[in-house]
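Structure first, then comments.
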Amino acid sequence: MPSSTRLTLHSMGFSRWLNRSVGFFVFFILDIVDFLLCFTYRTLDFFFESEWKPCYCCPPPEAKQAAAGGNRGRKMIVSERSGEYSKVVSLTRTKIHLDEISDTLYSRPSLLAKLVKCFKKNAVECSDERSTSTKKKTLLTVNSTVVEKLQRTPRWSDCHCTFCTSWLSSSNSSLFVNVQQPKDNKAQENVVFIHGFLSSSTFWTETLFPNFSDSAKSNYRFLAVDLLGYGKSPKPNDSLYTLKEHLEMIERSVISQFRLKTFHVVAHSLGCILALALAAKHPGAIKSITLLAPPYYSVPKGVQATQYVMRKMAPKEVWPPMAFAASVASWYEHLSRTVSLVLCKNHHLLEFLTKLLTRNRMRTYLIEGFLCHTHNASWHTLHNIIFGSGSKIEAYLDHVRDNVNCDVSVFHGGRDELIPVECSYGVKRRVPRARIHIVPDKDHITIVVGRQKEFAGELELIWRRSCTT
């Protein structure tokens, strides 16, 4: 082996060791900070909202077992009461399904948690007599009475601006859909655009919509949806933002409301999971599927899928910066809530400062999409869909391969640090007919932003090709 090659490998090994070593101490400190923030937010929630709010710091196995029974036809909150506060386990409009709730919400191992668990175990062993005499059973409560007004009231830590709360003034609980269609309202085909995580419909409307050709604008109806919890769509506090809830809202707000019999789907990042789930549920309606940076990780046999995906996307490393940001957002419920409190609650100020510093030369639609959401929406969507779909997405891809007769195209930025290019090649292995397009020198965002004219032309080609097959 040449000396230069050995030197390179040695350097890479040292960099990896340094990253993990520094990460060990950094994330241990963050474990402590998040632990302290848990008590801080309990106090603040009680002060501002007059009740203790649940969090996911401790797993409630008994409550999960009770939730399995469900209750048909009514909204339910299943909670575990322990001391002074209750922990919400699940809330659905029909029946509780435990497989919709990702275990990563409760199970995010940390060194601090292991130390606390070890301390508790030792404390129990030293006080067997007291523990056996005072042992109490956990009280489980099922509350099927939900006050609609409370569900729609933003939390004190959420943004209360007109834009973020516009959905409250409407009795309609449908998603916000930005529609562009021919002036004569006689579109021949429909295209549904689904944005990614921490984004909104403006990701499409500000980039692609103005750049489609006149022919496309006169033949297609474009529908860009704000997902549940994002943009101008409803942001209910009682939702766990499961895959089922997202799909039902898209079906009700887009497919049913606009009476779509057939449609093309264009999806980015998180939206790819929803697009594949839609295709599996409505195989005869899909004319083409275009995926951008799909978060598909091939899970090894015998490995817990949700945990595997979380560790792949959020590896608890301090470098590169994208990995560090993803780790903080994924592993730390209260730290991520603090980030949301500082940024999302003050997004108008950030937009103003951006325009001021750039002398109004930079459009702020990406800031709007990145910050106009609630922590409840982003936290549950991240865990219940991106991580929680780790065991489901392969089945969706297999269903598309075997039962959905349509064109499948996949685009990925060659420099995407958030979702590796290997994810798109994984889609190709599951769906051999999928066309893979790796765009050099583009990342997770610039796969569209900055090349919107070119990408709009590529989409039109895909749609025309689907009409001839």
Exercise for review: Restrict the check to the range 363-371 and report whether at least one residue is closer than 23 Å to A323 by Cβ and out of contact with any helix residue (DSSP H, G or I) (no Cβ under 7 Å at 6 or more places or on another chain).
Suggested key: yes
Revision key, fill the gap. Residue set V299, V318, V339; condition in the same structural domain as L270 (by the TED database) and either outside any loop (DSSP other than H, G, I, E, B) or of a type in the set (A, V, I, L, M, F, W, C) (or both); output residue V299
Review point. Listed residues K281, K287; which is among the basic types (K, R), in contact (Cβ under 8 Å) with a residue 12 or more places away in the chain, in contact with a strand residue (DSSP E or B) (Cβ under 6 Å, 6 or more places away or on another chain) and over 25 Å from T374 (Cα atoms)?
Key: K287
Review point. Which one of the conditions (1) open to solvent by less than 20 Å² (accessible area, probe 1.4 Å); (2) among the β-branched types (V, I, T); (3) not in a helix (DSSP H, G or I) does T306 fail to meet, given that it meets all the rest?
Key: (3)
Practice item. Test K235 against the criterion of being part of a loop (DSSP other than H, G, I, E, B) and touching a residue at least 40 places away in the same chain (Cβ under 8 Å), and give yes or no. Key: yes
Review point. How many residues does the range 435-469 contain that are on the phi > 0 side of the Ramachandran plot and open to solvent by 70 Å² or more (accessible area, probe 1.4 Å)?
Key: 1
Practice item. Tell me which residues, restricted to the range 158-177, are open to solvent by less than 50 Å² (accessible area, probe 1.4 Å) and either at positive phi or not in a loop (DSSP other than H, G, I, E, B) (or both). Key: S166, W167, V177
Review point. Out of (1) surrounded by fewer than 23 Cβ atoms within 10 Å (Cβ to Cβ); (2) assigned by the TED database to the domain that holds V192; (3) over 20 Å from G413 (Cα atoms), what's the single condition that is false for L278?
Key: (1)
**Study point:** Unique match (being under 30 Å from P320 (Cβ atoms) and either in contact with a Pro (Cβ under 7 Å, 6 or more places away or on another chain) or of a type outside the set (D, E, K, R) (or both)) among E422, E458, E417
**Key:** E417
Practice item. Select the helices (runs of 4 or more DSSP H) contained entirely in the range 352-434, then report the ones holding at least 2 residues which are touching a Gly at 6+ places or on another chain (Cβ under 7 Å) and open to solvent by less than 10 Å² (accessible area, probe 1.4 Å). Key: 375-381
Point to revise | So P294, is it surrounded by 23 or more Cβ atoms within 10 Å (Cβ to Cβ) and part of a loop (DSSP other than H, G, I, E, B) | key: yes
Check your understanding: Of (1) touching a helix residue (DSSP H, G or I) at 6+ places or on another chain (Cβ under 8 Å); (2) surrounded by fewer than 18 Cβ atoms within 10 Å (Cβ to Cβ); (3) modelled with pLDDT of 95 or more; (4) more than 27 Å from G450 (Cα to Cα), N211 satisfies all except one. Which?
Key -> (4)
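Table: residues versus (1) farther than 25 Å from V309 by Cβ; (2) in a helix (DSSP H, G or I); (3) at pLDDT below 55.
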position	(1), (2), (3)
R20	no, yes, no
G23	no, yes, no
I29	yes, yes, no
L36	yes, yes, no
F47	yes, yes, no
K53	yes, no, no
V78	yes, no, yes
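Yes/no matrix, rows are residues, columns are (1) modelled with pLDDT under 95; (2) over 15 Å from the mean Cα position of the chain (by Cα):
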residue: P295; (1), (2): no, no
residue: V303; (1), (2): yes, yes
residue: Y308; (1), (2): no, yes
residue: V318; (1), (2): yes, yes
residue: A323; (1), (2): yes, yes
residue: W331; (1), (2): no, no
residue: F352; (1), (2): yes, yes
residue: K355; (1), (2): yes, yes
residue: T358; (1), (2): yes, yes
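The values are calculated or read from the model by the stated rules, or taken from the named source; none is laboratory data. Because the structure is a prediction, the values reported are computed rather than measured. Cβ atoms come from the backbone with ideal geometry, glycine included; neighbour counts cover every protein chain shown. Areas reflect the complete protein model, heavy atoms only, side chains present, ligands, DNA and RNA absent. Shrake-Rupley method; radii C 1.70, N 1.55, O 1.52, S 1.80 Å.
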